[in-house]
Amino acid sequence: MTGTTSGVPAMRVLILEDEVLLALEAAETLEEIGAVVIGPAYRIDTAMALLDAERPDAALLDVNINGATSAKVAQRLRDENIPFVLATGYANQSGISGEAAIIDKPYDRAQLQAAFLRLGAAATPGLPTSPARPA
């Protein structure tokens, strides 16, 4: 992770989300806290190609991508020790095991930012774990 915005390390985040508007909103939301977005990818094969080309610091994965599960991408991230957040409307029935953070859809901007701030804080002890409030 390099750079900072408001004391938050600039995390390179891969986004895998098949709904274009949600992907773009997630990208904007993460950029607000200093993340550098990789993608977004709207298909599993695109996400895998992005992982071949770049190494993110973290990822946001929609569980259901056009009727398929994002388990293949989650496994690749796990194999490379890259933390990720699962976004799902299926509660804990995602079929993806492991220690990923889970946010339930529909999520709001604050929930998404908080999930990634926690990931950043886990990687860099001493950082805040919630978004800064405007003065």
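Rule-based calculations on the coordinates, nothing more; no lab input. As the structure is a prediction and not an experimental result, all values here were calculated from the model.
Amide H contacts under 5 Å for Ile65: Ser70, restricted to partners 5 or more places along the chain or on a different chain, H placed in the peptide plane at 1.01 Å from N.
Amide H contacts under 5 Å for Ala35: Met11, restricted to partners 5 or more places along the chain or on a different chain, H placed in the peptide plane at 1.01 Å from N. In order along region 61-71, the phi-based Karplus estimate (6.51 cos²θ - 1.76 cosθ + 1.60, θ = phi - 60°) of 3J(HN,Hα) comes to 10, 6, 6, 9, 10, 6, x, 10, 8, 8, 4 Hz; Gly and Pro are listed as x. Counting 0.36 nm for each residue step from Asp45 to Glu25 and taking away their Cα separation leaves a gain of 5.1 nm.
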